[in-house]
Structure formats: C-alpha cells, structure tokens
Amino acid sequence: MTERSLAPSRYAANQLERLRILLVEDDEGDAFLVRELLSEADTSFELTVASSLREARERLTGVECVLLDLGLPDAEGIDGLRKLLAVAGSAAVCVLTGRSDEHLGVQAVAEGAQDYLVKGQVDGVLLIRSLRYAVERKRADENARRLREVELLQAESARLERGLLPQPLMQTDEVSVETFYRSGRALGLLGGDFFDVVQIGEDRLHVIVGDVCGHGVDEAALGVELRVAWRALVLAGVPEDQVLPSLEQVLMSERRAREVFATVAAAVIDLPANRATVRLAGHPPPVVLSGGQAHPVNARTGIVLGVRPTPTPATELEFTGNDWSLLMYTDGLIEGHTGAGNERLDVDGLCKLLDEPAAREVSLTGLPPWLVARADQGNGGPLTDDVAMLLISRGGGR
C-alpha cells in the first residue's frame with residue numbers, strides 16, 4: 001500500500017508567474033531592504049528602482065506592480081500618487097507609508113491605489129503576497145471596467161435597435177408584413193440598413209427599405225435618423241414625389257462625411273386598386289411572388305441619395321390576382337458568393353431560390369430567415385454585409 005502524506009503541499013516558486021515590480025523610492029537604504037524582503041520570499045520577481053516620479057514614468061513599460069513611497073523629491077504625499085495613477089495604465093499601485101502616516105495609506109486606497117503597506121511591519125512573504133493580490137485586484141478592476149463598456153455598448157445597440165427595427169404602423173388586415181434584420185458587423189447588433197411600414201388612411205401602405213453605406217455605429221445612427229425622418233414625412237402628408245428628395249436633404253445635413261450615401265427602395269401600395277408605385281434610388285429591385293413564380297420588378301432606377309440630388313423615377317406595378325407577395329431587401333442578401341468562384345447570388349439567383357420547391361414549403365413568416373440561411377450556405381459562411389427584408393403579402397402570398 002502506498003503511503004500518502006497529509007502535509008499541505010508547497011507551491012513551487014516556478015509555478016507562479018514572474019512578477020515585474022517598479023519600486024519608486026529615493027532612500028537607498030529602504031530600497032535595499034525591499035529587495036532583501038522580496039528575496040526572502042523565495043519567489044520569482046524582477047525589481048526596477050526609480051528614485052523620482054519623473055524617472056518612474058520612463059520605466060513603467062511592462063511593469064505589473066508599482067511600489068510607491070509617498071515622500072519623493074518631485075512628488076509629495078497624495079499628490080504624487082495622483083500623478084502616478086494618471087500614467088500607471090494597467091499596473092497595480094501599492095503605497096509605502098511610515099508608521100506615523102498610516103492614515104495616508106487609507107486615503108491612498110480611496111484615491112485609487114490597490115493597497116498600502118507600512119514600512120517595518122511586513123516581512124518578505126507578506127510583501128510579495130500583498131503585491132500579487134494588488135495585481136489580481138487591478139486585473140479584476142480592469143475586467144469590471146471592460147464589462148461595463150460592453151454593457152454600455154449593448155444598451156446603445158438596444159436603443160438603436162428600437163429605432164432601426166420599428167413595429168409596422170398599420171391597421172389593415174388586407175396584407176401581412178414580415179420583417180427581418182441581421183447585422184454584418186462582427187461584434188455589433190446593428191448596421192446601417194433600415195426599414196419601415198406606415199399606413200395612411202384606409203387604403204394606402206407606404207413601405208421603405210434603405211441602406212446607409214458602412215457598418216458601424218455612426219451608420220446605424222444615421223439609418224435611425226433617416227427612418228424616423230421618412231416616417232415623419234409620410235405621416236405629415238408630404239407628396240409622394242417629394243418624400244425621397246426631402247429624405248436626401250436630411251441625409252446630406254446629418255452625415256459625418258460627404259462620401260456617405262444611402263440607397264433606398266420605397267413603395268406606396270394602393271390596396272383597393274391592387275397596385276403599387278415603386279421608387280428605387282440606387283437600390284436593387286423588389287421581387288414579386290405571384291402565380292407560383294418569383295420575378296423582379298422591372299423598375300427604373302435613380303441614383304443613390306447623397307451624391308447629386310436628382311428626382312427618383314416612379315414605376316407603376318400592377319399585381320395579378322389577390323395572392324402575391326412583395327419582397328423588399330438590402331443588397332447584403334444578394335452580394336454573397338454562390339460557390340468557389342466569384343459569381344454572386346444577385347437578383348436572378350434570389351428569384352431561383354424563391355422558385356425552388358423547398359421555398360414553397362416554407363411559411364411566409366419563415367421565408368426571410370430561410371432565404372438568408374440559403375444565401376449563407378451558398379456563400380460558404382455568413383454573409384458579410386447587413387441584411388434587412390420586408391415581405392408584404394396578400395392572400396396566400398404567392
């Protein structure tokens with residue numbers, strides 16, 4: 001039978017990471033004592049000594065912990081600590097005080113130091129343990145700060161989401177509306193795509209899908225502004241042919257750079273007449289699903305908003321029968337690859353997907369996410385651009 005010792009095991013010194021310490025101390029005797037105490041602790045460390053705050057600033061690179069004496073020739077007391085904390089970065093700071101100045105140690109911790117030590121009251125083991133605890137405390141503080149930044153970013157994204165992804169403002173049950181949004185930003189929830197639906201009166205439905213160039217928070221914020229401006233223009237009864245020119249004025253006044261532009265697909269659906277007026281400003285055409293087939297709207301396309309103010313041409317669209325859907329989307333959906341080559345899905349490829357027997361088995365509610373999943377599959381991975389979709393359906397929808 002093998003005997004097993006019940007004595008507590010000791011951590012080998014080489015199991016602990018090498019601690020890089022900067023001692024800021026102008027008294028050579030005290031500096032010698034600190035080095036001796038560290039050596040007694042039988043641990044791995046690298047000690048650098050600076051005799052002034054100016055010298056310490058030059059030696060902070062790579063330092064994990066600063067041991068600061070509060071009586072320096074160029075920085076006295078708490079003022080010296082404040083100056084060091086301003087440049088310490090990720091390094092933990094421990095303060096050295098005399099026996100008669102212990103109250104300064106308490107004040108130093110309140111100012112932002114990780115700990116304080118009283119000269120003459122620590123041995124080597126306690127000193128190295130306090131320094132390591134200070135380093136871990138600093139890391140914990142940094143992690144808490146980063147977590148707070150992430151929480152603030154999520155809160156910001158949630159506010160933008162409420163602006164970019166509105167609830168359709170409609171009362172009619174003549175048509176149904178399905179929406180979809182996915183950001184192409186790696187760590188972001190939102191990009192520069194936007195959409196909206198507003199019903200005016202009992203018989204007219206205004207819809208828009210837009211894309212601000214770019215994928216960051218600035219573009220997302222501009223997308224929110226454009227969507228809100230569009231809704232306000234529609235609700236105010238601005239003539240249909242003046243809505244996009246007015247929206248372009250908002251874009252040009254609110255964008256952060258002259259190079260920023262937006263593409264837009266807008267439509268006004270006349271429900272009793274079963275027809276729509278479509279306007280495209282540099283945007284891919286909507287797709288109509290009707291009679292078991294999908295085909296793009298043969299609409300005239302104007303230039304993008306924000307380059308050279310020009311009226312956007314209107315195209316009249318007649319729906320056939322009372323079973324149809326109008327799919328409006330941003331170009332992120334059709335710009336993915338369709339195999340090993342450089343061929344893109346494009347509008348024709350989107351129509352082929354919609355004509356597949358598998359697509360007809362998907363419910364209207366599930367059709368937008370199904371399309372994105374198929375586009376991802378053809379692309380060999382997630383699409384890199386933002387994707388926004390509106391699917392307006394009447395009757396059976398196809």
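A few comments on the model shown:
- Computed E for E316/L169 - FRET, C-beta separation, R0 25 angstrom, nearest 0.05: 0.55
- Computed from Cα positions, the angle between helix 102-111 and the longest principal axis of the chain comes to roughly 10 degrees.
- For region 77-139 and region 189-231, distance of Cα centres in Å: 53
- Positive-end residue, the chain charge dipole about Cα centroid, Cβ charges, pick of V217, Q121, L333: L333
- L350 sits among other residues whose Cβ lies under 12 Å from its own Cβ, and their net charge, with Lys and Arg +1 and Asp and Glu -1, is -3.
- Under the criterion of Cα pairs below 8 Å and six or more residues apart, the relative contact order for region 295-398 equals 39 percent.
- For region 35-177, a crude dipole built from +1 on the beta carbon of Lys and Arg and -1 on the beta carbon of Asp and Glu, taken about the Cα centre, is about 120 debye to the nearest 20.
- The residue among I392, P368, L350 whose Cα reaches farthest toward the positive pole of the charge dipole of region 346-398, with charges on the beta-carbon of Lys, Arg, Asp and Glu, is I392.
- Cα-based helix-to-principal-axis angle, 28-40 vs the chain, degrees rounded to 10: 80
- Of every Cα-Cα pair in the chain, the percent that sits beyond 39 Å: 46
- Estimated dipole of region 59-119 in Debye, rounded to 20 [Cβ of Lys and Arg +1, of Asp and Glu -1, Cα centre]: 100
- Here, region 242-374 yields an orientationally averaged convex hull projection of 9.8 nm² when only Cα atoms define the hull.
- When the Gaussian network model of the chain links Cα atoms closer than 10 Å, the mean-square fluctuations of E254, E225, E25 top out at E25.
- Counting only DSSP beta bridges with both residues in the chain, the antiparallel share comes to about 70 percent.
- Across the chain, C-alpha contacts under 8 Å between residues 6 or more apart give a mean separation that, scaled by the residue count, equals a relative contact order of 12 percent.
- Summed side-chain charge close to E202 - residues other than E202 whose Cβ falls under 13 Å, Lys, Arg +1, Asp, Glu -1: -3
- For the chain, modelled as a GNM whose springs connect Cα atoms under 10 angstrom apart, the maximal fluctuation among I303, I128, I334 occurs at I128.
- Heavy-atom surface of the chain, accessible at 1.4 Å and reported per residue (Å²): 51
- Of S39, S176, S246, the one that fluctuates the most in a GNM where the chain has Cα springs shorter than 10 Å: S39
- For S52, the accessible surface of its heavy atoms amounts to roughly 20 Å² (probe 1.4 Å, protein chains only, rounded to the nearest 10).
- Cα-based shape type of region 73-148, given that a ≥ b ≥ c are square roots of the gyration tensor eigenvalues and the cut on a/c is 1.5: oblate
- Seen from V177, the other residues with C-beta closer than 14 Å to its C-beta sum to a net charge of -3, counting Lys and Arg as +1 and Asp and Glu as -1.
- Computed from the Cβ-Cβ distance with R0 of 22 Å, the FRET efficiency linking S39 to Q121 stands at 0.75.
- Ignoring lysines fewer than eight residues from K83 along the same chain, the ones with Cα atoms less than 26 angstrom from its Cα are K119, K138.
- Net charge dipole size for the chain [Lys, Arg +1 and Asp, Glu -1 on Cβ; Debye, nearest 20]: 400
The values are calculated or read from the model by the stated rules, or taken from the named source; none is laboratory data. The shown structure was predicted, so the numbers you read here are calculated from the model rather than taken from an experiment. All Cβ positions, even for glycine, are placed from backbone atoms using ideal geometry, and neighbour counts span all protein chains on display. To get the accessible areas, we keep the full protein, side chains included, count just its heavy atoms, and leave off ligands, DNA and RNA. Shrake-Rupley method; radii C 1.70, N 1.55, O 1.52, S 1.80 Å.
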